[in-house]
1. Return the residue satisfying two criteria in turn: it lies in region 175-201 and is acidic (Asp, Glu) and either in a strand (DSSP E or B) or touching a Pro at 6+ places or on another chain (Cβ under 6 Å) (or both), and of such residues it is modelled with the lowest pLDDT.
2. Is it true that Pro162 is surrounded by fewer than 16 Cβ atoms within 10 Å (Cβ to Cβ), farther than 20 Å from Cys245 by Cβ and either of a type outside the set (Ser, Thr, Tyr) or modelled with pLDDT under 90 (or both)?
3. Where the second residue is surrounded by 12 or more Cβ atoms within 10 Å (Cβ to Cβ) and the first is free of Cβ contacts under 8 Å to residues at least 12 places away in the same chain and lies in region 55-68, which pairs have Cβ atoms under 7 Å and are six or more apart or on separate chains?
4. Would you please name the residue that is modelled with the highest pLDDT, looking only at residues in region 202-228 that are among the charged types (D, E, K, R) and farther than 19 Å from Asn166 by Cβ?
5. Leu55 passes all but one of (1) touching a Ser or Thr at 6+ places or on another chain (Cβ under 6 Å); (2) assigned to a strand (DSSP E or B); (3) at pLDDT 75 or above; which number fails?
6. Which one is surrounded by the fewest Cβ atoms within 10 Å (Cβ to Cβ) among residues in region 197-219 that are of a type in the set (Ser, Thr, Tyr) and either over 13 Å from Phe174 (Cα atoms) or touching a helix residue (DSSP H, G or I) at 6+ places or on another chain (Cβ under 6 Å) (or both)?
7. Which of the following residues is in the same structural domain as Lys177 (by TED's automatic domain parsing), β-branched (Val, Ile, Thr) and over 17 Å from Leu155 (Cα atoms): Val250, Val223?
8. Inspect all residues belonging to region 89-96 and state whether any of them is surrounded by 14 or more Cβ atoms within 10 Å (Cβ to Cβ), part of a helix (DSSP H, G or I) and not assigned by TED's automatic domain parsing to the domain that holds Thr203.
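The values are calculated or read from the model by the stated rules, or taken from the named source; none is laboratory data. Quick caveat: nothing in here was measured; it's all calculated off a predicted structure. Reconstructed Cβ throughout: ideal geometry from the backbone, glycine too, with neighbour counts over all protein chains shown.
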Amino acid sequence: MRMHEDPDTAGHSDAAGTTDQPGTADPAGIAVRFRCGHGADAAEARVTLRRDCPLCMLLAETARSREQLMRRVAPAGRAALARETRIGVEYEWICSRGHSRYRASVRETLTGPGCPKCQKNARAPAARGEGGVPFMKPGLKTRTSQAEQKLRMLLGERIRLPHRVNAIRINRTFYGKPEVWPDIIIPALRVAIEYDSPGRQKTSHRGLKEVSDREKDAALEEVGWAVIRVRADGLEPLGPHSIVCSGVSVGLVDEVLAMLVAIRGQEAVAALMGREPSG
């Protein structure tokens, strides 16, 4: 078995292999094993790639685990999914809301809006009527970084921020939910603020996660909300209302306030400061 320094396209094919194992061979029929341990058995692998398989890479980018994914697949597919490496192959999935089972690719399941009925419900008139409504979702648990907490604290010293909302209804589904959970919500201005950092591994909010961020912004814009994205630690701008920074500071808060004024106007922002607009 030889170690292979994988090229940019290696391991990304969704074509089925020629062996009985899910995704163990490339289109040429060569048995491939990945760093994560998925793919061909060690004794059979002709090539070992020094990176995770496409499925493990997508799971990491969407902050999911294979165990979570396997709980969503129909029982007949669990053994195969445990060994799967591809993201374009279809499986039968169980809707978390009790709707009929449906077929979709692994990629669609991890990044798409849910089963066909969930998609239809999200487009229904009643659902559209609730689009854009901020609300408090009890028991919502999201990971909040120290930088996000500091930004909220500093911004809260300058304008009034509500503490009884943590989610916004949308007219589509996002990761199977008819809502999104921005870092900071300002209902009076209909502006959401997201603090994006690549994290210790320098992979967050890049690649497929960036695509997900764009989809989230589009869902909010559809219901009349604007999104300010604070892009920290080397992340490039994303969307028309991006602020690039190296960390949270008073200067960053000044930039956020200036962006709020540019989006909604001086008078609206001044009202949240508890004073009349100057000039």
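1. Only one residue fits best here, namely Glu179.
2. The answer is yes for Pro162.
3. Cβ pairs passing all conditions: Ser65/Leu59.
4. Checked region 202-228; the qualifying residue modelled with the highest pLDDT is Glu221.
5. Condition not satisfied by Leu55: (2).
6. Residue satisfying both the conditions and the ranking: Thr203.
7. Matching residue, one of Val250, Val223: Val223.
8. No, that holds for no residue.
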